[in-house]
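Engineer: Before I ask anything, let me first share the structure, which is written out below as structure tokens.
The numbers here are math on the coordinates, done by the rules we state, and not lab data. Fair warning: this is a prediction, and the values are worked out from it, not measured in the lab. Every residue, glycine among them, receives a Cβ derived from its backbone with ideal geometry; neighbour counts consider all protein chains shown.
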Amino acid sequence: MGCPFFEPQRPLEPGDWTEYWTHRPRLPLGEAYSGICRAGDPHTPSKERQRELCNCGYARGRCENFPKSSAVDAVRFSVISNEPLRVIYILEKDYAPLEHGEFDPNGEPDSVLAHQARAFAQSYRKQRAAAAKAQAV
Ligand code: SF4
């Protein structure tokens, strides 16, 4: 689950700080992203924070930027259809679902949720293409 305040900007390439994960975790956005914290004044968190918290969520009490008043602890995405690609989001609080819905690509284009959903969809398509290519070999 990603942090609900993390706006992913670009996937990290091998050789970026992804090498810190010797056993790569299953990442909420499909792969590791660098990005911006939108809690308070927008800023770029440290690499360590992005790696440990922004990309992985549940930062309440572990990140001083995480707003105490936030109703949501983390965001999870899941695919419900491949053709066309349809994605649902699940907002979590205390490790339980709080709210869910289908991501509307025509909805609020600049919301953090929209940025995360697009990043998830992009990574999902990339991984499917890589799997199809590997099967064809
Ligand atoms: S810096 Fe903290 S509050 Fe901001 S996106 Fe990262 S984990 Fe969330």
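Engineer: Across bins of 10 angstrom width beginning at 0, how are the C-alpha pair distances of the stretch 6-136 distributed, in whole percent?
Structural biologist: 11, 42, 36, 10, 1
Engineer: May I pose another question? Identify, among A119, P45, A134, the residue whose Cα sits farthest towards the positive end of the charge dipole of the chain, taking +1 on the Cβ of Lys and Arg and -1 on the Cβ of Asp and Glu, with the dipole about the Cα centre.
Structural biologist: The residue sitting most towards the positive pole is A134.
Engineer: Return the single residue from D41, D104, D94 with maximal mean-square fluctuation; model: Gaussian network over the chain, springs between Cα atoms under 10 Å.
Structural biologist: Residue with maximal mean-square fluctuation among D41, D104, D94: D41.
Engineer: Sticking with this one: Hey, which lysines would be in cross-link range of K68, C-alpha to C-alpha under 17 Å, not counting anything within fewer than 8 residues on its own chain?
Structural biologist: K93
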